[in-house]
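Q: One structure, pasted below without further comment.
The values are calculated or read from the model by the stated rules, or taken from the named source; none is laboratory data. Quantities reported herein were computed from a predicted structural model and do not represent experimental measurements. Glycine gets a Cβ as well: all are built from the backbone with ideal geometry, and neighbour counts include every protein chain shown.
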Amino acid sequence: MVSFLYAILVFLVLRFSVTLFNFLSNPKLGLSLRHYTDLISICIDAKDFTVENLVENLLAQDYQHVEILIKLTGDPELDHQWNTACGRHQNVRLLEPGADSMKQASGSYLLFLKASVVLKNGSLQSMMHRMKTFRLALLSIIPAQVSTGFRDIFFQPLYNFVLLGLVPLRLIRLSGSPLFSAGSSECMLFDRKVYSKEHWLEGLFPADIGGIEMIKLVKEHRLKTETLLGGRLVTSYAYGSAEMIFKHTGKRVYGLLGNNIFALLCYLVLVVAGPVAMFFSLNLNLLILPAGLIFLSRIMQSFLSGQSPVKNLILHPLQMLFLGVSLIFTAADRFIRSEQK
């Protein structure tokens, strides 16, 4: 039991150290005042695109050198709605189902975007600045999540809680090792020259592969990539039922843990079961160190994520309960699928 408690304490120290590194290095997309004129092709899959006014949002950006490519679904009724909604816009092109976005695009850069992402003025300029300054092949942005209801305060902070305590984001660009990989498929900007040269990307729609897998793929081919938090420039919101969001949270965390059930179970024991065991095993004086590490980590993670530190601290036990349950369900689902195969 003593060895187990020491292991939990070591894990808390390591997680605090990674969180502190992220907090001090502040891996957010910063606002750039430089102006660029490169054409950006924004690629969207209509099956994920549920809010029509996001097209107007993209066209209203202060960065005007954009074209929007929307891949239709093949559903006559839904495709008719998109033709009606977007046919009047000159900078919007509707592609047939199965079309290769890269071959249809005219821009020097390809931005793959998900339905829930909202770009603020200055975001495209800032992303272009990162791409050109560091000669990146891929820039992945993890959007700051905007709360849309009571349920979000339980689910929203979970992914960033795991991410910021597990991966030092600045090392993704500085290190070529696939070990330092994290990203989001919600917002990915590619250099088209690099994208078109690499045959391993032909026929692929990056948003369907997953942000982490794409970052690893780019690193394996010795190309430069970076992952940043969206901050105030790139935001997103959760849509769908509470059950969908619950399952999606578990899948995202599972991907962050390398899609490895053993790693998932170890993390579950260290993060959820470990602090509970400490609480019932140690006296109040000995609890000060682990409680302080958790307290400071949550505060730093909240500020980095643009979330309320007070809410996250008060609701920490409930959030950890939801995290534990979502990971258990994800592990059970993966185990059942592997057995069926």
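Okay, residues lined up against (1) surrounded by fewer than 23 Cβ atoms within 10 Å (Cβ to Cβ); (2) out of contact with any strand residue (DSSP E or B) (no Cβ under 7 Å at 6 or more places or on another chain); (3) hydroxyl-bearing (Ser, Thr, Tyr):
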{"site": "Cys86", "(1), (2), (3)": "yes, no, no"}
{"site": "Glu96", "(1), (2), (3)": "yes, yes, no"}
{"site": "Met102", "(1), (2), (3)": "yes, no, no"}
{"site": "Phe112", "(1), (2), (3)": "no, no, no"}
{"site": "Ser140", "(1), (2), (3)": "no, no, yes"}
{"site": "Phe150", "(1), (2), (3)": "yes, yes, no"}
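Q: Count, please, the residues in region 161-174 that happen to be surrounded by fewer than 21 Cβ atoms within 10 Å (Cβ to Cβ) and in contact (Cβ under 8 Å) with a residue 40 or more places away in the chain.
A: Residues meeting the conditions: 4.
Q: Within region 229-251, restricting attention to residues that are in contact with a helix residue (DSSP H, G or I) (Cβ under 7 Å, 6 or more places away or on another chain) and modelled with pLDDT of 90 or more, which residue is nearest to Ser126 (Cα to Cα)?
A: My answer is Leu233.
Q: Quick one: how many residues across region 200-228 are modelled with pLDDT of 65 or more and among the hydrophobic types (A, V, I, L, M, F, W, C)?
A: Number of matching residues: 7.
Q: Let me confirm something: among Lys120, Lys71, which residue is outside the structural domain of Arg298 (by TED's automatic domain parsing), among the basic types (Lys, Arg) and closer than 20 Å to Arg192 by Cα?
A: Answer to the check: Lys71.
Q: Let me ask you something else. Got at least one residue in region 279-297 being within 20 Å of the chain's Cα centre (by Cα) and of a type outside the set (Gly, Ala, Ser)?
A: no
Q: Right, another one. Can you find a residue that is within 17 Å of Ala144 (Cβ to Cβ) and surrounded by 16 or more Cβ atoms within 10 Å (Cβ to Cβ) anywhere in region 279-294?
A: Checked region 279-294: no residue is within 17 Å of Ala144 (Cβ to Cβ) and surrounded by 16 or more Cβ atoms within 10 Å (Cβ to Cβ).
Q: What pairs can you find where one residue is in region 81-100 and of a type in the set (Val, Ile, Thr), the other is in a strand (DSSP E or B) and at pLDDT 75 or above, and their Cβ atoms are less than 9 Å apart, with a gap of 6+ or different chains?
A: Close Cβ pairs (under 9 Å, with a partner that is in a strand (DSSP E or B) and at pLDDT 75 or above) amount to Val92/Glu67; Val92/Ile68; Val92/Leu69; Val92/Ile70.
Q: Next question, about the same structure. When you go through (1) within 19 Å of His221 (Cα to Cα); (2) out of contact with any Gly (no Cβ under 8 Å at 6 or more places or on another chain) one by one for Leu111, which number turns out not to apply?
A: Here Leu111 clears every test but (1).
Q: Out of all the residues in region 297-316, is one or more under 26 Å from Ser3 (Cα atoms) and loosely packed, with under 14 Cβ neighbours inside 10 Å?
A: No, region 297-316 contains no residue that is under 26 Å from Ser3 (Cα atoms) and loosely packed, with under 14 Cβ neighbours inside 10 Å.
Q: Related question: Taking region 255-275, which residues are over 15 Å from Val325 (Cα atoms) and among the hydrophobic types (A, V, I, L, M, F, W, C)?
A: Answer for region 255-275, where residues must be over 15 Å from Val325 (Cα atoms) and among the hydrophobic types (A, V, I, L, M, F, W, C): Leu256, Leu257, Phe262, Ala263.
Q: I would also like to ask the following. When only residues in region 154-177 that are within 19 Å of the chain's Cα centre (by Cα) and polar (S, T, N, Q) count, which is modelled with the highest pLDDT?
A: By that ranking, first place goes to Asn160.
Q: Return the pairs, sorted by first residue and then second, in which the second residue is buried (at least 20 other Cβ atoms within 10 Å of the Cβ) and at pLDDT 60 or above, the first residue lies in region 197-223 and is in the same structural domain as Ser108 (by TED's automatic domain parsing) and basic (Lys, Arg), the beta carbons are less than 6 Å apart, and the residues are 6+ apart or on different chains.
A: Lys216/Ser181
Q: Restricting attention to region 217-247, which residues are surrounded by fewer than 16 Cβ atoms within 10 Å (Cβ to Cβ) and not basic (Lys, Arg)?
A: Across region 217-247, the qualifying residues are Glu220, His221, Tyr239, Gly240, Ser241, Ala242, Glu243, Met244.
Q: Ok, one more. Residues to consider are Leu257, Leu265, Leu289; find the one that is of a type outside the set (Gly, Ala, Ser), under 19 Å from Leu9 (Cβ atoms) and modelled with pLDDT under 90.
A: Of Leu257, Leu265, Leu289, the one residue that is of a type outside the set (Gly, Ala, Ser), under 19 Å from Leu9 (Cβ atoms) and modelled with pLDDT under 90 is Leu289.
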